[in-house]
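Structure first, then comments.
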Amino acid sequence: MTIDEAPLNGFHLRVAAYTTGGYFVDGYILGMIGIALALLGPQLGLGAVWTGLIGASALAGIFVGGLVFGWMTDKVGRQTMYVADLIVFVVASVLQFFVEGPLALFVLRFIMGIAIGADYAIGAALLSEFLPSKQRGSLLACLNAVWTVGFVAAYVTGYFMQGLGPEAWRWMLASSAVPATLVLLMRLGTPESPRWLLSKGRVEEARRVVKDYIHPDADIDDLVAERGNETSYRMLFSRGLRKRTAFAGLFWFCQVVPYFAIFTFLPTILEGLGMSGGFSSEILLNLFLFAGAIVGVVIMDMMPRRTFVIGSFAILAAVGALLGAFPGAPVTVILILFSVFAFVIAAAADLESVYPTEIFPTEVRASGVGLAAAISRIGAAIGTFLLPTSVAQLGTGPTMLAATAVLVVGGILSVAWAPETRHVPLSTASRARVGEAG
């Protein structure tokens, strides 16, 4: 029996819970800034530039975190980094309470973004390397689904914390220390990935982890091809992997540009579309985000990955084009279209925690996921930074059409480059890709 064939057990579910907990914190941190900015902006006298910079700061940090700490995770191991990034979340969350100006907040949010980028690479790599192939897609999809839960929870929590007075935004931003602390405590004692151990030649340690945690009858013979290969970023750009590296980063890029730009500044977008319903409309759309994320988990292993990614880009581009072309449509129509957009983009975003981990071999899995996250966050940061200015100078309709153009590009790239990875054992895929890359 191989790791890929082992039955799902309590250990798998615990690691999934610890890892998804980190993604909840990631989503909570990124989601809270939108509602907090509405309060801290006037208090700190922020203009459009500082508003955009603070809104995009964590996204820019994710670029650095994914790029640097994905590689570091492949070098020093999953388990060490799995705990270290949560410590950063706790400390930086608390420090946000004491900031006195926009620069300090920008720096702290940037540091938190670095930790988020690291967690994207670490968590997805570690979890994928433990899971059996039959349940891998659905459980990895839970990462992004729980991220969405955290994003929505931040909005709801922030709404109810507004009554704490003029300093409410401080409590909002510092509140992420609570879930971060809980997840940190849960992650303590998680074993190292046996695939990573074997890739570093630590065969007996890998065998012991498999026997103790995965199944007494499971073996590691199928992982021999993953043993002793060098971890290097150059491998990501080798003949066998460069197309997959480009796809992993660019499909993610094209999903998150409209996601973060639109939902970070959701009140502004809705107002520009003639919807001033306040909390009721915004919470409804956030609920559609949540529902879409859950449905994405359910259907993840029911259809080919290519069909999912191409179909979702097509639907999002069609809905985005309608919103951009008819910003003056009746409120009911706008709400229906935006609800569909929120539902589909949240479901499609579940692919972000599945596809990249299945594309790369063990030696560079965290590096590849980290690089893909870094590429995606370049676009997310740019989109978030430019959106307030775009809405102010061009209007909401043209801004939505610009976001739609990004989705069209994502669909075209997916048609050309998206591989099919559903139910493919990681060991089999790794052997094939290492051979191609050599």
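When restricted to residues that are without any contact (Cβ under 8 Å) to a residue 24 or more places away in the chain and either in a helix (DSSP H, G or I) or of a type in the set (Asp, Glu) (or both), region 139-166 contains 4. Checking every residue in region 186-209 against the condition of being in a helix (DSSP H, G or I), closer than 30 Å to residue 343 by Cα and touching a Phe, Trp or Tyr at 6+ places or on another chain (Cβ under 7 Å) gives zero matches.
Counting residues in region 99-109 that are in contact with an Asp or Glu (Cβ under 8 Å, 6 or more places away or on another chain) and modelled with pLDDT under 95 gives zero. For region 387-438, filtered to residues that are at pLDDT 90 or above and among the β-branched types (Val, Ile, Thr), the residue that is nearest to the chain's Cα centre (by Cα) is 406.
In this structure, residue 378 does not qualify as more than 16 Å from the chain's Cα centre (by Cα), surrounded by fewer than 21 Cβ atoms within 10 Å (Cβ to Cβ), within 30 Å of residue 124 (Cα to Cα) and at pLDDT below 85. Being part of a helix (DSSP H, G or I) and closer than 18 Å to residue 149 by Cβ, is that true of even one residue in region 39-55? Looking for residues that are part of a helix (DSSP H, G or I) and closer than 18 Å to residue 149 by Cβ, one finds none in region 39-55, hence no.
Against the numbered list (1) buried (at least 24 other Cβ atoms within 10 Å of the Cβ); (2) modelled with pLDDT under 90, residue 25 comes up short only at (2).
Among all positions in region 16-29, there is at least one residue which is of a type in the set (Asp, Glu), in contact with a helix residue (DSSP H, G or I) (Cβ under 9 Å, 6 or more places away or on another chain) and outside any loop (DSSP other than H, G, I, E, B). Kindly evaluate residue 54 against the criterion of being without any contact (Cβ under 8 Å) to a residue 60 or more places away in the chain, under 29 Å from residue 104 (Cα atoms), out of contact with any His (no Cβ under 6 Å at 6 or more places or on another chain) and buried (at least 24 other Cβ atoms within 10 Å of the Cβ). Judged against the criteria, residue 54 is a match. Quick one: is residue 308 more than 19 Å from residue 336 (Cα to Cα), surrounded by 15 or more Cβ atoms within 10 Å (Cβ to Cβ), in contact with a helix residue (DSSP H, G or I) (Cβ under 9 Å, 6 or more places away or on another chain) and at pLDDT 90 or above? When the stated conditions are applied, residue 308 passes them. Counting only helices (runs of 4 or more DSSP H) that fall entirely inside region 336-428 and contain at least 3 residues that are at positive phi and among the small types (Gly, Ala, Ser), no element qualifies.
Residue count for region 350-403 under the criterion of being under 24 Å from residue 146 (Cβ atoms) and among the hydrophobic types (A, V, I, L, M, F, W, C): the result is 13. In the condition set (1) over 20 Å from the mean Cα position of the chain (by Cα); (2) in contact (Cβ under 8 Å) with a residue 12 or more places away in the chain, residue 65 is compliant with all but (1).
Here's the yes/no breakdown for (1) at pLDDT 85 or above; (2) basic (Lys, Arg); (3) surrounded by 24 or more Cβ atoms within 10 Å (Cβ to Cβ):
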| position | (1), (2), (3) |
| --- | --- |
| 196 | yes, no, yes |
| 199 | no, no, yes |
| 208 | yes, yes, no |
| 233 | no, no, no |
| 240 | no, no, no |
| 246 | yes, no, no |
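Between a residue in region 201-212 that is under 24 Å from residue 7 (Cβ atoms) and any residue that is in a helix (DSSP H, G or I), which pairs come within a Cβ distance under 7 Å, given they are 6 or more apart or on different chains? Hits for this filter: 205/197; 206/194; 206/197; 206/198; 209/194; 209/197; 210/194.
The values are calculated or read from the model by the stated rules, or taken from the named source; none is laboratory data. In this text the structure is predicted, and so the values were computed from the model without any measurement. Cβ: placed from backbone, ideal geometry, glycine included. Neighbour counts: every protein chain shown.
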